[in-house]
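Structure first, commentary second.
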Amino acid sequence: MVKSDLAPRGSGAKHDLALEVREVSKHFGGVTALDNVSFSLAPGEVRALIGENGAGKSTLIKVMTGVYRPDAGELRYLGERVELHTPRDAQDAGISTIYQEINLAPQMSAARNLYLGREPRTRLGLVDVRRMVSDAREVLSQFGVYVDPRTSLRELGMGVQQMVAVARAVTTDARVVIMDEPTSSLEPREVDRLFAVIRALRDSGVGVVYVSHKLDEVFAICDSITVLRDGKRVHDGPAAELDRLGLVGHMLGRSPEELRSAAPSRRTPVPHDSEVPALLNVQGLHRRHVLHDVSLQVRSGEVVGLAGLLGSRRSETVKAIFGALPVETGSVHIDGVELAPVTPARALAAGLALLPEDRKLEGIIPDQSIKENIVLAALPRLSRAGVVSDARRDELVEVFMRRLRIKAASPNQKVRELSGGNQQKVLLARLLCLQPRVLLLDEPTRGIDVGAKEEVRALIDELADAGLGVVLISSELEELADGADHVVVLQDGRVAGELSAGHISEGEIMTIIAHHDDQQSQVGS
């Protein structure tokens, strides 16, 4: 019978370290994803692996699980150097992984998913379905999952699917279990059950790598913390020796002392006055497991910043406001008029415009020209009887290329040939063609050089001064402290706190991020 307890395979020799990465580097073209990173995990240790987007967490996990081969350095498992050529090599060795995106077979039953590739067999070599279902029922009950194991996985909720993935990973007699955002689809009671499983693994000598953006979880379950930033290890030590503010500081590359003494905002603030009618009024946006009663207001000429770490649901918030992410409850009003239902078409018609975070995936059309990219959304306004005037189109493109100082050989140059900053300006030009009243800007300065950042920041100030309302998402706290009149801090899809003019600083934003978890972790979905 397949073992259903949580004990690791065989007794064997004792080792000081279950898994060790020594001075590993990994490059993709001219980009360094990991730069001389070392990482270790002892048997019976739960170690957090923390970092923002682009820090190198995913690359390190893929090196540890055989997806990538390191360009330099070595991997040691149970005291010996190993080379993992495939994820199957890692699994066979005893390294099991639970990915954030559930990688199971939805058309198969829960039992089949649990034992896929290691099904119990009859004496004739056939799959012993009765035994597999019986074992699956016993194993799943240990994880608080009481469903018919014969049920197709696609018919079960996301939380149950996630627990099936967890159960599969920890019942393969692994010595090392890597959990990448394992609670993303779980209810609070399911998180409690998962933590009980992790503690059982720790007690039985299994090492656990725990990847999460939720600071309350990190401090609740982890013994030690490793922080990556820009492909480098910037902190490594016991969890008990690091407070929340210090952890956030390591992630963002700023010391708490430095942030507390940061200069105040450079921008003349616009009062966030409740007496002044809101141009954009968002109330109670809720989507299960994503957004929880998110509200905010933006007034004419005001820049409202959305702050928060990876996983705080900033992008989901602006997508919900724009109608690109459906919500179960909540409302969006423009000048007192409700958009019901909220859809991108209605939002655009009302004067809302969204600049997405991923300009390459959701924004630019790389093989089309600057001209075609800029006027794409404005074509209906430029056409008469279905015919677009070339003269009107060219005039519009010229105006915005000059206004945004887009550097290009001509309007006919392909967008993919431009720098990142100029690609971002092309997207901004497209939005401005629509003559919006409120701009939703998701990381407008990410991935562009310093000069282009300053130009984009100045443009945002100019637009606000002209009376537009702006919602600004930025991972750079300095950018929010300098450019926002009001800041809403999000944590796990909830409003963790708000800061108004005169009180906005990097340190104050960090303090809210670092100290909000304990209170809200008790609040159910």
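Among the residues of segment 500-525 satisfying the criterion of being at pLDDT 50 or above and closer than 24 Å to R288 by Cβ, which is nearest to the chain's Cα centre (by Cα)?
The first filter runs over segment 500-525 and keeps only residues at pLDDT 50 or above, leaving 500-517.
When the remaining residues are screened for being closer than 24 Å to R288 by Cβ, the result is 513, 516-517.
Working: I513: 15, H516: 18, D517: 17 Å.
Within segment 500-525, the match that is nearest to the chain's Cα centre (by Cα) is I513.
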The conditions are (1) touching a Pro at 6+ places or on another chain (Cβ under 8 Å); (2) closer than 29 Å to R346 by Cα; (3) modelled with pLDDT under 85, and D390 fails exactly one of them. Which is it?
(1)
Checking the conditions here, which among G79, G54 is at pLDDT below 85 and farther than 29 Å from R193 by Cα?
G54
Qualifying positions in segment 267-325 - under 15 Å from V470 (Cβ atoms) and of a type in the set (D, E)
E302
Regarding L325, is this residue surrounded by 20 or more Cβ atoms within 10 Å (Cβ to Cβ) and part of a loop (DSSP other than H, G, I, E, B)?
no
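Which of the residues belonging to segment 197-245 are part of a strand (DSSP E or B) and of a type in the set (F, W, Y)? Steps first, answer last, please.
Within segment 197-245, the subset part of a strand (DSSP E or B) is 207-211, 224-229, 232-238.
Result: Y210, single match.
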Scan segment 50-103 residue by residue and report those that are among the hydrophobic types (A, V, I, L, M, F, W, C) and assigned to a loop (DSSP other than H, G, I, E, B).
A55, V67, L78, L84, I102
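Out of S224, S204, S185, report the one residue that is touching a Gly at 6+ places or on another chain (Cβ under 7 Å) and either surrounded by fewer than 16 Cβ atoms within 10 Å (Cβ to Cβ) or at pLDDT below 85 (or both).
Values: S224 fails: either surrounded by fewer than 16 Cβ atoms within 10 Å (Cβ to Cβ) or at pLDDT below 85 (or both); S204 fails: touching a Gly at 6+ places or on another chain (Cβ under 7 Å).
Among S224, S204, S185, only S185 is touching a Gly at 6+ places or on another chain (Cβ under 7 Å) and either surrounded by fewer than 16 Cβ atoms within 10 Å (Cβ to Cβ) or at pLDDT below 85 (or both).
Taking the condition farther than 30 Å from A408 by Cα and without any contact (Cβ under 8 Å) to a residue 60 or more places away in the chain, does S300 pass? Can you show your working first?
Values: farther than 30 Å from A408 by Cα: yes; without any contact (Cβ under 8 Å) to a residue 60 or more places away in the chain: no.
The answer is no for S300.
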Within segment 415-433, can you find the residues that are surrounded by fewer than 16 Cβ atoms within 10 Å (Cβ to Cβ) and either in the same structural domain as T317 (by TED's automatic domain parsing) or of a type in the set (D, E, K, R) (or both)?
R416, E417
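Mind checking which residues of segment 122-144 are of a type outside the set (F, W, Y) and within 17 Å of T172 (Cβ to Cβ)? Write out each step before concluding.
Pass one, segment 122-144, residues of a type outside the set (F, W, Y): 122-142, 144.
Correct list: M132, D135, A136, E138, V139, L140, Q142.
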Among residues of segment 89-117 being surrounded by fewer than 15 Cβ atoms within 10 Å (Cβ to Cβ) and over 27 Å from the mean Cα position of the chain (by Cα), the residue farthest from I198 (Cα to Cα) is Q107
Among the residues in segment 317-330, are any of a type in the set (D, E, K, R), touching a residue at least 12 places away in the same chain (Cβ under 8 Å) and on the phi < 0 side of the Ramachandran plot?
yes
Quick test for you: out of A466, A458, pick the one residue that is at pLDDT 85 or above, out of contact with any helix residue (DSSP H, G or I) (no Cβ under 9 Å at 6 or more places or on another chain) and hydrophobic (A, V, I, L, M, F, W, C).
A466
Here the qualifying pairs (Cβ atoms under 8 Å; residues six or more apart or on different chains; first in segment 455-468 and within 13 Å of E479 (Cβ to Cβ) and in contact (Cβ under 8 Å) with a residue 12 or more places away in the chain; second outside any loop (DSSP other than H, G, I, E, B) and among the acidic types (D, E)) come out as R457/E479; R457/D482
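The values are calculated or read from the model by the stated rules, or taken from the named source; none is laboratory data. Nothing here was measured: the structure is a model prediction, and the numbers come from that model. Note that we place each Cβ from the backbone using ideal geometry, even for glycine, and neighbour counts take in every protein chain shown.
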